[in-house]
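The values are calculated or read from the model by the stated rules, or taken from the named source; none is laboratory data. Just so we're clear, the structure is a prediction, and the values are computed from it rather than from any experiment. Neighbour counts run over all protein chains shown; Cβ positions are idealised from the backbone, glycine included.
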Amino acid sequence: MVATPIGNLGDMTDRARKVLSEVDLIAAEDTRQTLRLLTHFGISAKLVAYHDYNETGTAPRLLAELEEGRTIALVSDAGTPLISDPGFSLVAAARERGLTVVPVPGPSAAICALSAAGLPSDRFLFVGFPPRTRSQRRSWLGELAGERGTLILYESGKRIVGTLRDLGETLGETRRLVLARELTKHFETFLTGTASALAQRLEDDAEQRLGELVVLVEGRGEETDDSGRAEAERVLRILAETLPLARAVAIAARLTGTKKNALYRLGLDLALGQGAEDASAEGDDG
Ligand code: SAM
């Protein structure tokens with residue numbers, strides 16, 4: 001299982017190069033893509049296609065080769081095989097047969113993003129790509145609402161805004177999110193904010209939807225408890241009808257026990273407190 005770079009070719013390890021040049025066969029998700037990588041590093045090798053839809057067809061052949069004593073490296077287009085990429089059934093079948101499977105570690109976008117996002121990293125849950133349809137995505141996210149560790153998702157630029165909106169509606173607007181885009185590449189960007197603030201940012205700036213993305217979501221904490229969050233939002237909305245946001249936040253924090261900075265972020269995202277300012281301005285005129 002040989003990991004390859006997720007963007008920056010400088011991340012290719014010496015060991016990965018050595019293994020790829022020594023094995024009898026390289027099983028690759030996309031042989032043309034891997035051929036480009038091998039050519040770049042001056043490695044010539046025999047390639048065979050291995051992806052999800054031929055996993056059952058190719059696996060028996062690869063297993064037979066291994067049983068005959070040949071060595072095979074499995075690579076995906078980028079990053080670590082099996083992480084939202086093909087290979088699981090091959091590894092499981094190889095292990096069942098008592099064959100040797102060794103990891104040749106390197107980058108994976110999920111871990112790469114987590115290491116630089118600034119969200120808790122002591123406990124996390126990688127969940128891969130969300131379902132594509134809205135209803136399935138929302139129930140999938142709902143099942144993750146109770147997770148206390150940081151959630152790590154992969155998403156495409158095409159669906160990211162919808163997924164951020166669903167994240168806000170399902171998990172609430174008090175959690176911090178980080179969008180890690182184009183990791184290790186020229187346009188590497190980290191954006192931080194609540195789900196709706198990030199959705200708006202990406203809607204306004206199409207460039208931020210380009211390339212590859214990892215979404216990290218702060219796990220459920222005391223102040224992100226969903227029933228508590230709903231109550232805090234309800235109280236804040238009522239207070240902000242007649243009070244400026246800072247005052248509404250201070251009172252809502254005392255009433256609900258929710259942290260002030262979380263309430264303030266929520267108030268800004270929901271554009272609360274503006275009516276109160278208009279009302280007091282009208283009052284001043286009168
Ligand atoms: N096996 C890979 C790994 O270890 O990261 C992941 C493969 S998965 C099919 C591809 C997804 O990983 C992309 O859609 C994106 O969500 C994420 N990804 C891959 N490279 C990335 C990068 N350079 N920056 C941000 N996300 C990336």
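Report yes if some residue within the stretch 183-197 is in a helix (DSSP H, G or I), within 15 Å of the ligand (Cβ to nearest atom) and in contact (Cβ under 8 Å) with a residue 60 or more places away in the chain; otherwise report no.
For the stretch 183-197, residues in a helix (DSSP H, G or I), within 15 Å of the ligand (Cβ to nearest atom) and in contact (Cβ under 8 Å) with a residue 60 or more places away in the chain: absent.
Among the residues of the stretch 141-156, which ones are within 11 Å of the ligand (Cβ to nearest atom) and either surrounded by fewer than 16 Cβ atoms within 10 Å (Cβ to Cβ) or at positive phi (or both)?
S156
Scan the stretch 83-95 and tell me whether some residue there is of a type in the set (V, I, T), exposed (fewer than 14 other Cβ atoms within 10 Å of the Cβ), more than 20 Å from G219 (Cβ to Cβ) and not assigned by TED's automatic domain parsing to the domain that holds Q200.
No, the conditions are met nowhere in the stretch 83-95.
Of the residues that make up the stretch 109-127, is at least one more than 13 Å from V217 (Cβ to Cβ) and surrounded by 21 or more Cβ atoms within 10 Å (Cβ to Cβ)?
Yes, some residue in the stretch 109-127 is more than 13 Å from V217 (Cβ to Cβ) and surrounded by 21 or more Cβ atoms within 10 Å (Cβ to Cβ).
Show the residue pairs meeting these rules: Cβ distance below 7 Å; 6+ apart or different chains; first residue within the stretch 101-127 and closer than 17 Å to L191 by Cβ; second residue buried (at least 16 other Cβ atoms within 10 Å of the Cβ) and basic (K, R).
Within 7 Å, the pairs are L119/R176.
So which residues in the stretch 128-157 are in a loop (DSSP other than H, G, I, E, B) and either free of Cβ contacts under 8 Å to residues at least 12 places away in the same chain or over 23 Å from G211 (Cα atoms) (or both)?
Answer for the stretch 128-157, where residues must be in a loop (DSSP other than H, G, I, E, B) and either free of Cβ contacts under 8 Å to residues at least 12 places away in the same chain or over 23 Å from G211 (Cα atoms) (or both): P131, T133, A145, G146, E147, R148, G149.
Regarding the stretch 161-175, can at least one residue be identified that is at negative phi, in contact (Cβ under 8 Å) with a residue 40 or more places away in the chain, within 11 Å of the ligand (Cβ to nearest atom) and surrounded by fewer than 19 Cβ atoms within 10 Å (Cβ to Cβ)?
no
(1) at pLDDT below 95; (2) within 22 Å of L183 (Cβ to Cβ): which one isn't true of Y53, the others all being true?
(2)
Looking at the stretch 1-31, which of the residues that are of a type in the set (S, T, N, Q) and assigned to a helix (DSSP H, G or I) is nearest to the ligand (Cβ to nearest atom)?
T31
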